[in-house]
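*Asks:* For reference, the structure I am asking about is given below.
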Amino acid sequence: MFSSLVLAATLAQVADVSELVDLDRLTRPADYVAVQDSSWDRASARGAGTEEWWANNDRGQYLRVEDGRHVLVDAKGPGAIVRFWSANPSGDVRIELDGEVVLEEDLTKLLTGEAAGFPKPYAEMTARGCSLYVPMPFTKTAKITCSAGDLYYQVHVRRYPEGTRLARWSRADLAKLPPYAPPTATGRTTTDRELRGPGVLRRLEIDLPEDQDELRSTLLTIRADDELCVQCPLGDFFGTGPGRNVYASAPMQITKDGVGICLFPMPFERSLKISVDADVRCTVEDGATRPFRFFAFYRGENQLKSHPRTDWPVAHLSGKAGRFVGCSLSVRNPVKAWWGEGDEKVYVDGESFPSFFGTGTEDYFGYAWCDPTLFQHPFHAQTRCDGPGNKGYTSVVRWHLVDDIPFTKSLNFDLEVWHWVESVMGFATVAYFYAEPGVTHGFARPTPEQLEILPLPKPWSVKNAIEGETFRDVVCSAGHAARQDLDFAEGFSNEAHLWWQGAGPGATMRLKFEMPKAVRGKLQLGLTKAPDYGIVSIALNGKVIVPSFDGWAERVEPAPQIDVDAALIEGANELVVTITGTNDKARPKNYMFGFDWMTLRP
């Protein structure tokens with residue numbers, strides 16, 4: 001251990017890295033409370049019911065500026081810093097404990113595992129999110145400042161009772177930092193589904209069905225001493241849904257062979273009954289008792305409107321003490337626009353304003369910038385992201401192990417549903433927590449409608465159109481043309497277009513296509529507008545049909561449909577696009593052009 005803690009009357013829990021794998025400590029009451037400092041938009045302080053409640057300028061927000069440095073954390077002790085996350089670390093960070101500077105380091109190196117003494121996975125970047133899990137105890141004060149002034153950040157801080165004596169952290173303690181090893185479980189093994197106590201279920205293995213519909217519709221229920229403690233679809237319980245997505249984390253994993261493994265200890269006094277339509281294997285320690293039980297409950301909605309914005313109730317707990325230890329989230333996003341700007345809001349023991357106010361859904365789950373990259377880490381993971389971009393199903397999970405959130409009488413965990421556009425989403429979470437028997441949670445058994453995995457809508461396309469990205473005979477006098485997937489914009493046929501770039505005034509792009517017979521009618525064109533697009537003319541078989549089309553717009557968007565009278569001949573036809581200039585507002589002046597679709601209506 002690289003820190004120690006002494007209490008006169010009671011044995012307080014040690015704030016060190018052993019807590020990252022000591023899951024058993026979560027089965028007992030905590031001797032600290034937890035808070036989070038972050039760069040949340042301070043306009044939200046006006047409270048629920050105001051438009052500012054959804055304010056989204058969650059960067060560059062600090063406690064104050066002091067001697068030219070930006071203050072992220074200014075905490076009173078005794079306490080411990082246990083988690084530090086940022087989406088855009090920059091500048092140098094300074095950590096002062098008890099008035100002494102114990103660490104001064106390049107922030108990017110510190111949070112990505114490149115700083116000396118801070119190895120992965122204690123410090124690591126995952127899908128552009130940078131996290132540090134090295135507990136740093138202090139006795140009187142803790143201050144974190146940074147030279148940079150435009151950060152997204154979150155810092156999780158513990159506060160111990162006054163009089164608690166802690167050994168202050170120093171950089172010399174890094175020499176005692178052990179290589180990370182995942183939690184282990186020992187005890188007798190059994191395939192029994194009804195265990196007699198007292199005891200603790202240390203390891204639960206379940207063979208998972210491969211079909212994702214079956215995996216979602218198969219419920220796992222666990223009762224400890226006749227109290228319902230777990231009620232989840234199988235895949236979602238193991239932190240990834242829908243689908244049997246292979247990954248490994250500290251307390252949960254799904255193996256390549258399709259075995260779900262849970263290492264969260266589950267204490268029981270008289271009995272523990274597991275009900276599920278699948279093969280089960282248990283590792284049990286007999287004779288041990290604990291004050292807290294393990295709970296995991298699912299909440300899902302298949303037809304959730306993204307607007308008006310709402311707070312999704314991940315967990316509303318009351319009446320007993322406990323610890324919040326994890327959350328998994330599954331989203332069905334029918335469009336390409338980003339769905340996860342929402343902040344987490346955690347109210348502990350009746351707070352009127354959350355002591356945890358986050359900076360974005362992906363930030364809470366340990367990554368950043370809505371990055372679709374899959375990743376696995378001991379304490380967070382993204383196990384599914386269909387794409388393109390963030391369209392389709394996404395599955396993410398976050399475990400609060402060293403950064404658990406204790407409560408003595410209540411905890412409300414809300415997650416903002418904050419989508420860039422209006423849509424109808426699928427949204428499902430599992431809340432993982434330890435609590436005294438009899439805790440009030442309000443979770444109900446999910447309905448078949450809530451468990452159904454709905455198909456995603458097919459991309460919209462213009463009927464009987466020639467898609468611009470499908471042209472094969474394309475000749476550019478300058479620059480080059482190729483397919484561009486428009487996963488960042490709405491309203492484009494087949495979600496793509498032909499993108500011509502790298503040319504300038506006078507350059508031409510020739511598009512040849514075949515017709516089985518001659519036909520006259522309305523030629524309809526779907527083109528693209530964007531901030532750096534040019535002005536072009538368009539000719540068909542040597543005749544100008546569009547004298548001037550201005551492609552400039554403030555954002556990437558479909559242009560209004562163009563209808564012109566045209567005659568197509570049997571056999572080879574040719575469209576010629578000529579760049580003639582650019583709008584004065586174009587920034588930068590790249591003279592680009594986008595061809596979405598074309599069709600002829602006789």
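Values quoted throughout were computed directly from the atomic coordinates according to the rules given, and no laboratory measurement underlies them. Here the structure is a predicted model, which means the values were calculated and not measured. Heads up, the Cβs are rebuilt from the backbone with ideal geometry, glycines too, and the neighbour counts pull from every protein chain shown.
*Asks:* Here are labelled values, [x] 31.4; [y] 41.9; [z] 38.0, and one is the computed mean projected area of the Cα convex hull in nm² for what I pasted. Which one?
*Replies:* Structure-derived value, by its label: [x].
*Asks:* To continue, here is another question. What is the gain in length, in nm to one decimal, between ASP211 and THR373 on full extension, counting 0.36 nm per residue of separation less the C-alpha to C-alpha distance?
*Replies:* Values: separation 162, 0.36 × 162 = 58.32 nm, distance 2.35 nm.
Taking ASP211 through THR373 to full extension adds about 56.0 nm, to one decimal.
*Asks:* Right, another one. Which order do the peptides 556-567, 190-201 come out in when sorted by mean C-beta neighbours inside 10 angstrom, highest first? Walk me through the numbers before you get to the answer.
*Replies:* Working: 556-567: 14.8, 190-201: 16.5.
The densest-packed peptide leads the list: 190-201, 556-567.
*Asks:* Continuing with the same structure: Quick one: which of 406-412, 326-332 comes out on top by average Cβ neighbours within 10 Å, and what's the full order, highest first? Don't skip to the answer; put the middle values down first.
*Replies:* Values: 406-412: 19.9, 326-332: 24.9.
Descending packing order for the listed peptides: 326-332, 406-412.
*Asks:* Grab the DSSP H runs of the chain that are 4 residues or longer, score each as -39,500 (n - 2.57), total them, divide by all residues and round the 222 nm result to the nearest 500 deg cm²/dmol. Kindly include the intermediate steps, with their values, before the conclusion.
*Replies:* Numbers: 5 runs with 24 residues, N = 602.
For the chain, the value works out to -500 deg cm²/dmol.
*Asks:* In region 5-176, what is the volume of the convex hull around the alpha carbon atoms, normalised per residue and reported in Å³? Each step should come with its number before you reach the end.
*Replies:* Details: hull volume 24.3 nm³, N = 172.
Looking at region 5-176, the number lands at 141 Å³ per residue.
*Asks:* Apply the Karplus curve 6.51 cos²θ - 1.76 cosθ + 1.60, θ = phi - 60°, to the phi angles in region 46-59 and return the couplings in whole Hz, x for Gly and Pro.
*Replies:* Calculated HN-Hα couplings, in order: 5, x, 4, x, 9, 5, 5, 4, 9, 3, 10, 8, 8, 9 Hz.
*Asks:* Sticking with this one: Report the charge-dipole magnitude of region 455-602 in Debye, nearest 20, computed about the Cα centre from +1 at each Lys and Arg Cβ and -1 at each Asp and Glu Cβ.
*Replies:* Details: 16 positive and 18 negative charges, 62 e Å.
Computed charge dipole of region 455-602: roughly 300 debye.
*Asks:* Oh, and also: Please give, to one decimal in nm, the separation of the simple spin-label points placed at ARG171 and LYS305, each 7 Å out from Cα toward the Cβ.
*Replies:* Label at ARG171, label at LYS305, 5.6 nm between them.
*Asks:* Let me ask something else. Using per-residue counts of other Cβ atoms within 10 Å, averaged over each peptide, order 581-590, 93-102 from highest down. Write out the running numbers ahead of the final one.
*Replies:* Values: 581-590: 15.0, 93-102: 18.1.
Most protected by this proxy first, the peptides run 93-102, 581-590.
*Asks:* Measuring from centroid to centroid over Cα atoms, what is the spacing of region 341-411 and region 266-298 in Å?
*Replies:* Using only Cα atoms, the two centres lie 26 Å from each other.
*Asks:* At a Förster radius of 56 Å, what calculated FRET efficiency corresponds to the Cβ-Cβ distance of PHE513 and ALA248, to the nearest 0.05? Can you show the working numbers first?
*Replies:* Values: r = 51 Å, r/R0 = 0.91.
Once rounded, the FRET efficiency stands at 0.65.
*Asks:* Another question, then. What's the center-to-center distance, using Cα atoms, between region 523-559 and region 566-602 in Å?
*Replies:* Using only Cα atoms, the two centres lie 5 Å from each other.
*Asks:* Using 1/(1 + (r/R0)^6) with R0 = 22 angstrom and r between the beta carbons of LYS76 and GLU100, what's the FRET efficiency to the nearest 0.05?
*Replies:* Working: r = 16 Å, r/R0 = 0.71.
So, using R0 = 22 Å, E works out to roughly 0.90.
*Asks:* List, in order, the whole-Hz ³J(HN,Hα) value for each residue of region 97-104 obtained from phi through the Karplus relation with A = 6.51, B = -1.76, C = 1.60 and θ = phi - 60°; use x for Gly and Pro.
*Replies:* Values per residue, Gly and Pro as x: 10, 6, x, 10, 6, 9, 7, 9 Hz.
*Asks:* Sticking with this one: Amide H neighbours of ARG384 under 5 Å, at least 5 residues apart or on other chains, H built in the peptide plane: list them.
*Replies:* SER395
*Asks:* Using the Cα centre of the chain as the reference point, and only Cβ charges (+1 on K/R, -1 on D/E), how large is the resulting charge dipole? Debye, rounded to the nearest 20.
*Replies:* Numbers: 64 positive and 80 negative charges, 34 e Å.
So the magnitude is around 160 debye.
*Asks:* While we're here: About its Cα centre, what dipole magnitude does region 228-282 give when the only charges are +1 on Lys and Arg Cβ and -1 on Asp and Glu Cβ, stated in debye to the nearest 20? Present the calculation step by step, with values, prior to reporting the outcome.
*Replies:* Values: 5 positive and 5 negative charges, 15 e Å.
Dipole about the Cα centre, nearest 20: 60 debye.
*Asks:* Something else: Sequence-distant or interchain residues sharing an amide H contact under 5 Å with THR141, placed H: which?
*Replies:* GLY77, ASP98, GLY99
*Asks:* Within region 466-601, how many Lys pairs sit with Cα atoms under 20 Å apart, leaving out pairs fewer than 8 places apart on the same chain?
*Replies:* Eligible lysine pairs with Cα atoms under 20 Å apart amount to 6.
*Asks:* So what are the ³J(HN,Hα) numbers for region 525-530, from phi and the Karplus equation (6.51, -1.76, 1.60; θ = phi - 60°), rounded to whole Hz, Gly and Pro as x?
*Replies:* Result, ordered by residue: 10, x, 10, 10, 10, 7 Hz.
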